[in-house]
Amino acid sequence: MGPHPAVAAIRLAVRRVLHDVLVAHSAASSSPTPSASSSPSSPSSPSSPFSPSELSGSSGLAGPSSPAASPPARPARSASALRRSAPRADAPLVLAACSGGADSMALASALAFEAPRLGLRAGGVTVDHGLQQGSDARAAEVADRMRSLGLAPVEAVAVSVGRGGGPEAAARDARYAALDAAAERHGAAAVLLGHTRDDQAETVLLGLARGSGTRSLSGMAWVSGTGGRYRRPFLQLDRHTVREACLAQSLPVWEDPHNADPAYTRSRVRHEALPILEKALGKGVVEALARTAQLSRDDADALDAWAARAEAEVMTTAPAAAGAAQAVHLDTGGLRGLPAAVRRRVLRRAAIAAGAPAGSLFARHIEEVDRLITGWRGQRALNLPGRVEVRREGGRLVIRQG
């Protein structure tokens, strides 16, 4: 008899990601400069590394269907060819980022089960944000739980959370900086994150509230970070399935009180906004929002690629004089002929290239710059964040810092 269906689901999700990590590592080892086309998976969507028969037989899993639509399968080496009795000392290391909550504990347990079967080493990192009394003791306890699952190396990292961008953003920035540093210290090939489909739906709602456009509505990527470091195996699994897997395995979990604190925006979305939407619109809102994220990400990726090509065609940057700031020159005629969605992406890319901080560059800034193209009537120069100035000079748009 196979494992509980929820346990089988989380293991299958993690196995898919680990397979891609292993194939990517093999490709990088065999080629010093692998091309993007040889990447085993797209940052925008997951891929299934096994055939249907392998999904039902590998690791003794029953192979349940995902709560969301399953990603398309693609050819791959058989599971038996990849599985080894024990990982070698030089095998790629994959870390689980674990807070001690149900989602990340389920992730850690699935990683501990699947990694050795694919010849990978598995470790874990927990981050102590220092925002609650006794957080250091709790982080040590979470680290012990990961060790009891068989993960090694395991590390508890204390961070200092700043105030920039609000408490949630500051904590997130500190957490990812700590995870990046841990991955570098241990030479990890990937760091797994326990975000679920429910988290994705919440992220889409938050993006919708900000009115930040298609990229904001695309939510969290399956693969992100430098070199595709971060992987999110559970984006097709709902929170209930992941928590049921913890119950089935008798995994102790910790409920962060911040997750229920209405002072935090995401908490209000989770406990107030989504339930109201489901009551008004019926069940399926979470699935629909997660699907919207994937469709938006596909559109945003295509538009970004178009903008990158268009930027090369309209850029007329001349070499900067000695001691002068580098200026970006764009042909206004070429810009005017582009669709608005592409043109504004080109303008944003150019502003960032000139020195504007991406995090401080908002839609209203780009709209004002766009008016220098579409509504030119002799306006003065515009000032953007990062001391970046934008002015129109005849048939050129000049963007420079200082």
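Quick check for you: with a 1.4 Å probe and neighbouring chains kept, what is the accessible area per residue of the stretch 104-197, in Å²?
Working: 3810 Å² over 94 residues.
It amounts to 41 Å² per residue over the stretch 104-197.
Give me the percent of accessible area attributable to carbon and sulfur for the stretch 104-237, probe 1.4 angstrom. Don't jump to the answer; show the numbers that get you there.
Numbers: 2610 of 5200 Å².
Whole-percent figure for carbon plus sulfur exposure: 50.
Would you tally the net charge around GLU114, using a Cβ to Cβ cut-off of less than 9 Å, leaving GLU114 out, and scoring K and R as +1, D and E as -1?
On the way: positive: ARG11, ARG15, ARG117; negative: none.
Result for the local shell: +3.
With every protein chain in place, what's the accessible area of SER26 (1.4 Å probe, Å², nearest 10)?
Rounded to the nearest 10, the figure is 50 Å².
Compute the length gained on full extension between GLU367 and ALA89: take 0.36 nm times their separation in residues and subtract their Cα-Cα distance, giving the result in nm to one decimal. Please report the intermediate quantities before stating the final value.
Details: separation 278, 0.36 × 278 = 100.08 nm, distance 5.37 nm.
Difference between extended and current length: 94.7 nm.
Give me D for the stretch 273-397 in µm² s⁻¹, whole number, from Stokes-Einstein with Rh from the Kirkwood sum over alpha-carbon pairs, 20 °C and 1.002 mPa s. Write down the numbers at each step before the final one.
On the way: Rh = 16.6 Å.
Reported coefficient: 129 µm²/s.
How much length is gained if the chain between SER29 and ALA312 is pulled fully straight, taking 0.36 nm per residue apart and subtracting their Cα-Cα distance, in nm to one decimal?
Numbers: separation 283, 0.36 × 283 = 101.88 nm, distance 3.25 nm.
Value of the extension gain: 98.6 nm.
With every protein chain kept in the model, how would you rank VAL285, VAL253 by accessible area, 1.4 Å probe, largest at the top?
Working: VAL285 20, VAL253 55 Å².
Reading off the accessible areas and sorting them downward yields VAL253, VAL285.
Using 7 Å Cα-to-Cβ label points, what is the ALA381/LEU281 separation (nm, one decimal)?
About 4.6 nm separates the two model spin labels.
Quick check: residue separation of ALA305 and ARG163 times 0.36 nm, minus the Cα distance between them. What number comes out in nm? Provide the component values of the computation, followed by the final result.
Values: separation 142, 0.36 × 142 = 51.12 nm, distance 3.43 nm.
Here the answer is 47.7 nm.
Rank HIS271, HIS129, HIS25 by accessible area, highest first, at a 1.4 Å probe radius?
From most accessible down to least: HIS271, HIS25, HIS129.
The values are calculated or read from the model by the stated rules, or taken from the named source; none is laboratory data. Note that the structure is predicted; figures quoted are calculated from it, not measured. Note: ideal-geometry Cβ built from the backbone for every residue, glycine included; neighbour counts use all protein chains shown. These area figures cover heavy atoms from the full protein model, side chains too; ligands, DNA and RNA do not enter into them. Shrake-Rupley method; radii C 1.70, N 1.55, O 1.52, S 1.80 Å.
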